[in-house]
Structures are given as C-alpha cells and as structure tokens.
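Novice: Below is the structure I would like to discuss, written out as structure tokens.
Just so you know, all these numbers are worked out from the coordinates, no wet-lab data involved. Computed from a prediction, not measured in an experiment: that's the story for all the values here. Glycine gets a Cβ as well: all are built from the backbone with ideal geometry, and neighbour counts include every protein chain shown.
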Amino acid sequence: MEIVRLHLARLGKFNDVPVHGFVIKHPRAGAILVDTGVGWPIELLKEWKVVNRHAAEALAEHELSPADVKIVINSHLHFDHCGQNAIFKHAPFYIQRSELERARKHEKTTSEWFDFAGARFELLDGDAQIAEGVRVVATPGHTIGHQSVFVDTPDGAAVMIPQLVARPA
C-alpha cells in the first residue's frame, strides 16, 4: 500500500501552518482519503487567513480524481479536516459517533461542509478496521471523537495523527 500526502491549505493565522490530507492507495478497497481540508466560502473563516486548495487539484498530482476515492476517514470535524467532504458525496465517511454528535452541536458555522444532504456516515464507537491493513484508533484529546489512522506496510505500521494536540475536548 502506498500512502501519499496531499497539501490542501495553509492557515496564515498560525504562521502558514500546512493543512494536509492523506491518500492510502489500497489494493482492494481503492483510494482511502484521510481528511479533506478546508471548504468554501473561506469568507466564513477570514480570521484564519486561509490559503485554500481544491482537493481535486491535490489528488490530480498523484494521478487520482475525486471519483477514485472510495472511502473517506475524517480524523475529526473541525473546518480544516472536513471542509471538502461534499466533493466525495459518493463515498462513506468513517467518523466516531461521539465526534459527529459534538460537531452537530458546536460546529454551526461550517456544519454544511460535513453534514450535507446525502452524507453517508459510518459511525464508529472506538477502534475499528476500515479495510484490510487499515484501522482507526480512537485518540480523544483535541476533540472528544478524534481518531488516528494506522496502516500496515511492509516496513511496519504507518500512523497518521492528523491533529496531535492534547487539550480537553
């Protein structure tokens, strides 16, 4: 399995901190996308000084298109991790149940970026295998429902911890 990093945005408010997504090129399940970046209109987030990039453009750098993505795993539902979910409305979204509940209560400004009509959620209650060799592990801290992704590779486990920030949810 190959894992590629996507450069999806920069947040100018924090010295141009990058926003990344990851694609796991799974031999049987197809492309699995971890996080979708910031959505539009970014005027909703002007104080963050976002320099945004379309996920389709980032995927194209790796000879992929949004249609190639078969599964989306959202690490959590903050604006910079789920903003372009609607581009992948054909795919199921794997998310911790507690995270979706939290986001529906507290993410009012950008809720349509993840909770759009027709969104198909695969709700998880803790650790779960998503595809052979790909699993999510509940890693609460940044949010109550944050999850990290582990991928078995010939060199050992690759771990994607999209928001490594320890603080009360």
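Novice: Please state the Cα pair-distance histogram of the chain with 5 angstrom bins from zero: what percent is in each bin?
Specialist: Bins of 5 Å from zero give 2, 9, 19, 23, 23, 16, 7, 2, 0 percent of pairs.
Novice: Now for a different question. Check which residues have an amide H placed less than 5 Å from A9's amide H, if you skip close sequence neighbours.
Specialist: Under 5 Å from the amide H of A9: V19.
Novice: Relative contact order of segment 36-162: what whole-number percent is it, with Cα pairs under 8 angstrom and at least 6 residues apart? Working shown, then result.
Specialist: Details: 209 pairs, mean separation 27.4, N = 127.
So the answer I get is 22 percent.
Novice: I would also like to ask the following. Among residues other than V38 whose Cβ falls under 14 Å from its Cβ, what is the net charge (Lys/Arg +1, Asp/Glu -1)? Working shown, then result.
Specialist: On the way: positive: R10, K13, K46, K49, R53; negative: D16, D35, E43, E47, E57, D80, E107, E112.
Here the count lands on -3.
Novice: What are the ³J(HN,Hα) values, in whole Hz, obtained from phi via the Karplus relation 6.51 cos²θ - 1.76 cosθ + 1.60 with θ = phi - 60°, for each residue of segment 114-129 in sequence order, with x given for Gly and Pro?
Specialist: 10, 10, 7, 4, x, 4, 10, 9, 9, 7, 10, 10, x, 5, 7, 8
Novice: Give, as a single signed number, the net charge of other residues whose beta carbon lies under 10 Å from the beta carbon of H62, with Lys and Arg counted +1 and Asp and Glu -1. Mind dumping the intermediate values first?
Specialist: On the way: positive: R5, K25; negative: E2, E61, E63, D68.
In short, -2.
Novice: Take the Cα of Q129, step 7 Å along the line toward its Cβ, and report every residue of segment 138-159 whose backbone nitrogen sits under 19 Å from that point.
Specialist: Counting backbone N atoms under 19 Å from the label point, the list is 138, 148-159.
Novice: For every helix of n ≥ 4 consecutive DSSP H residues, a contribution of -39,500 (n - 2.57) applies; sum these over the chain, divide by its total residues, and give [θ] at 222 nm rounded to the nearest 500 deg cm²/dmol. Could you put the intermediate results ahead of the total?
Specialist: Values: 3 runs with 20 residues, N = 169.
It comes out at -3000 deg cm²/dmol, rounded to the nearest 500.
Novice: Same structure again: Calculate the all-directions average of the projected area of segment 1-86's alpha-carbon convex hull, and give it in nm². Spell out each step's value before the answer.
Specialist: On the way: hull surface 21.4 nm².
Mean projected area for segment 1-86: 5.3 nm², to one decimal.
Novice: Here's another thing I want to ask about it. What's the center-to-center distance, using Cα atoms, between segment 11-64 and segment 77-132 in Å?
Specialist: 15
Novice: Using modelled amide H (1.01 Å from N, peptide plane; none on Pro or chain starts), what sits under 5 Å from the amide H of F121, excluding residues fewer than 5 places away?
Specialist: The list, which skips near neighbours in sequence, is F93.
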